[in-house]
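Read through the structure below, which is laid out as structure tokens, and then see the notes.
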Amino acid sequence: MSETRAAQANIGVVGLAVMGSNLARNLASREGNTVAVFNRSFSRTELLTTEHPEAGFIASETIEDFVASLTTPRTAIIMVQAGKGTDAVISQLSALFEPGDIIVDGGNADFQDTIRREKENSAKGLNFVGAGISGGEEGALNGPSIMPGGSVEAYKTLGPILESIAAIVDGVPCVTHIGTDGAGHFVKMIHNGIEYADMQLIAEAYDLLRRVGGHSPAAIADIFAEWNTGELNSYLIEITAEILRQVDPKTDKPFIDIVLDEAGSKGTGVWTVQNSLDLGVPVGGIAEAVFARAVSAHPEQRGPVRATLKARPEIAIVGDTFQEDVRQALYASKIVAYAQGFDAIIAGAVKYGWNIDKGAIATIWRGGCIIRAQFLNRIVDAYNNDPSIPSLLVDSYFADAVATSEAAWRRVVSTAALSGVPVPGFGSSLSYFDSLASERLPAALVQGQRDYFGAHTYHRVDMPGTFHTLWSGDRSEIATEASTH
Ligand code: 6PG
């Protein structure tokens, strides 16, 4: 390592694309931070330092000089593409760092990779921290919500630095130590899954107001802006109003009407569903959001299916209350999606041995992140009142909110079905609620079917034990061991 450079930076950033540059600028703007910067192509480093001399960056052309410019415990945040790019930088830094130094991965890494990386690096005495950083480019510059995992030891150094750049709500920085090893990236993954659900539900509300309510995009923008003053207040509602107000300069048409209706995805929502399935946690609201993006991205099916149709249902005639019905259905569905997301966090914490404070997560999600919303204060209250509630739907505030919205929710879902308007998010959330609320579920029949063709056994409601009916014999019932297949 080059000793020629004086070590003077308390924090370094590797990877100076927009997110990394903005994070570096945010760090440099905070009292007490001196920021070292490094990028594989030095031209980008030069661009940043030339455009922002006020930041006083310590710029290095080589990774060796970058490391030499860091004071101990050396702390570097990697802001490069998740996957191989991150692995490459980790191996460069871990070869130059010394025991006690801290490597932070600020990308949207797979939390399983983070668990592996943390193990590999702690074997060398290095701290490895996977930190979810939410809020996009604007958040990175002005205050993100940050979800660091890794050791408590590392957080002693890293925490104050992250708190200096995080969004602040009610005087509280939107960052907390989520838990050990991959906990931070796991929670960021769930954040993204909830983000998908939130976005899908808003899109369904828009579609209903447009196709059933007959409102123009500009009128719907006003409706969302009004909703943003109440319990639905959130960043996503706010930007939706802006997007729907936008007019395409090329055609003078509403912007929304010139956008191709085929959604993309970087994959974090898919990870949320995959991991929730493995954890046995139903996250229908998130899954339907992922599937809705996938359905939209299959024009090779949508076109031919449409071509087979003889007719489409008449759009239902709705009254003035429909707009309020949609708002209530949106709120109830949102409650379900967040309840499911937190269920996945609870299950992940058990499986991976993390001690996760759910109230603290809701607290740091109140600002900076994409799902930031006033609503999160209610989740903070719910978990502070009782951290062990079996579902957010059991919390009195949310139970009351759903009870108030239920009739509207049912009207909206049935109106959508009768009108041929797809509401996979609204519909699956309502069915999830009805499943939890049902005295008896048809799962009893599923058990009978499984026992009939697979001898998978069942339990009875009226006595303990495991049973199997001799379907191919005299159909008598025998007590047996639970089936293993
Ligand atoms: C955030 C966002 C961000 C996410 C992009 C792309 O918290 O700032 O969640 O991390 O990667 O929004 O997400 P999709 O392409 O998967 O929609």
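Remark: spin-label model distance ALA307-GLN449 equals 3.4 nm, labels positioned 7 Å along the Cα→Cβ axis. Could you name the lysines in cross-link range of LYS253, using Cα to Cα under 29 Å and dropping any fewer than eight places away on the same chain? Qualifying lysines at Cα under 29 Å: LYS266.
Amide H contacts for GLY367 (H built 1.01 Å from N in the peptide plane; partners 5 or more residues away or on another chain; cut-off under 5 Å): none found.
Ranking ALA403, GLY130, LEU208 by how far each Cα lies toward the positive end of the dipole of the chain (charges on Cβ) leaves LEU208 at the top. Annotation: per residue accessible area for the chain equals 46 Å², rounded to a whole number [probe 1.4 Å, protein chains only]. In this simple spin-label approximation, LEU418 and HIS456 carry label points 7 Å from Cα along the Cα→Cβ vector, and these lie 3.7 nm apart. The modelled label-to-label distance for the pair LEU470/SER265, using points 7 Å beyond Cα in the direction of Cβ, is 4.9 nm.
Helix 424-437 axis versus longest C-alpha principal axis of the chain: approximately 70°, rounded to the nearest ten.
What angle, in degrees between 0 and 90 and rounded to the nearest 10, separates the Cα long axis of helix 396-419 from the longest principal axis of the Cα atoms of the chain? The angle comes out near 70 degrees.
Near GLY12, the amide H atoms lying under 5 Å from its own belong to ALA36, THR75, ALA76, ILE77; only residues 5 or more places off or on other chains count, and H is placed 1.01 Å from N.
Between ASP320 and THR480, the FRET efficiency estimated from the beta carbon spacing at R0 = 45 angstrom works out to 0.15. The heavy atoms of PHE255 present about 80 square angstrom of accessible area, all protein chains included, probe 1.4 Å.
With a Förster radius of 60 Å applied to the beta-carbon distance between ALA407 and SER94, the computed FRET efficiency rounds to 0.55.
I'd like the orientation of helix 443-454 relative to the chain: the angle between its Cα long axis and the longest Cα principal axis, in ° from 0 to 90, rounded to 10. Its long axis makes an angle of about 90 degrees.
Comparing PRO53, LEU470, THR484 along the charge dipole axis of the chain, the residue lying farthest to the positive side is LEU470, per the Cβ-charge model.
With the Cα gyration tensor of the chain giving a ≥ b ≥ c as the square roots of its eigenvalues, does the rule (a/c under 1.5 for rounded; else a/b larger than b/c for prolate; else oblate) give rounded, prolate or oblate? Cα axes put the chain in the oblate bin. Considering only alpha-carbon pairs that sit under 8 angstrom and 6 or more positions apart, the relative contact order computed for the chain is 12 percent.
Within the accessible surface of the chain, defined with a 1.4 Å probe on protein heavy atoms only, the carbon and sulfur portion equals 55 percent.
The values are calculated or read from the model by the stated rules, or taken from the named source; none is laboratory data. Quick caveat: nothing in here was measured; it's all calculated off a predicted structure. Don't worry about glycine lacking a Cβ; one is built from the backbone with ideal geometry, like all the others, and counts go over all protein chains shown. Calculation scope for accessible area: heavy atoms of the full protein, side chains included, ligands and nucleic acids excluded. Shrake-Rupley method; radii C 1.70, N 1.55, O 1.52, S 1.80 Å.
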